[in-house]
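Quick notes on the structure that follows.
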Amino acid sequence: MKKNGFYQQIIQEAPFGYALHEIICGDDGIPSDYRFLLVNPAFERIIGLKADMVIDRTVLEVLPGTEHYWIETYGKVALTGEPVSFQNY
């Protein structure tokens with residue numbers, strides 16, 4: 001098994017939710033939304049939505065009531081490369 005396939009298998013079988021996002025910035029360079037690129041089965045169970053309902057859609061399309069905190073936090077990580085540890089429900 002190739003290394004990349006090995007990591008994909010780990011993510012797919014992980015007991016924790018995993019989602020890969022693409023950050024979307026406005027003309028001002030500030031994150032305004034994010035698009036779902038990949039989610040694992042645990043994410044589907046936790047969020048209550050199947051992958052085919054979220055992949056290639058933005059969080060504000062799928063969950064329009066999403067607090068901007070999530071977009072700001074994920075955007076900061078994407079733009080700075082600095083890891084962030086947080087808890088928010």
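Only the coordinates and a few stated rules stand behind these numbers; no lab work does. These numbers were taken from a predicted model, which means no experiment stands behind them. Heads up, the Cβs are rebuilt from the backbone with ideal geometry, glycines too, and the neighbour counts pull from every protein chain shown.
Remarks
- Beta bridges by DSSP in segment 3-80, antiparallel share as percent, to the nearest 5: 90 percent
- When the convex hull of its Cα atoms is projected in every direction, mean area for the chain (nm²): 6.8 nm²
- Taking amide H positions as modeled 1.01 Å from N, with prolines and chain starts lacking one, the residues under 5 Å from SER32 and 5 or more places away or on another chain are ILE24, CYS25, GLY26.
- Long-range HN-HN contacts of ASN40 with modeled amide H, under 5 Å: TYR18
- Cα gyration tensor shape of segment 19-70, rounded if a/c is under 1.5, else prolate or oblate by comparing a/b with b/c: prolate
- Derived scalar couplings ³J(HN,Hα) [segment 75-87; Karplus, 6.51 cos²θ - 1.76 cosθ + 1.60; whole Hz; x for Gly, Pro]: x, 4, 4, 5, 7, 9, x, 8, x, 9, 10, 7, 10
- Taking amide H atoms as placed 1.01 Å from N in the peptide plane, the amide H of HIS21 lies under 5 Å from those of LEU37, each 5 or more residues away in sequence or on another chain.
- Under the Karplus curve 6.51 cos²θ - 1.76 cosθ + 1.60, θ = phi - 60°, whole-Hz ³J(HN,Hα) for segment 39-48, x wherever Gly or Pro sits: 9, 9, x, 5, 4, 4, 5, 5, 7, x
- Take the Cα of ILE23, step 7 Å toward its Cβ, do the same at ILE46, and the gap between the two points is 2.0 nm.
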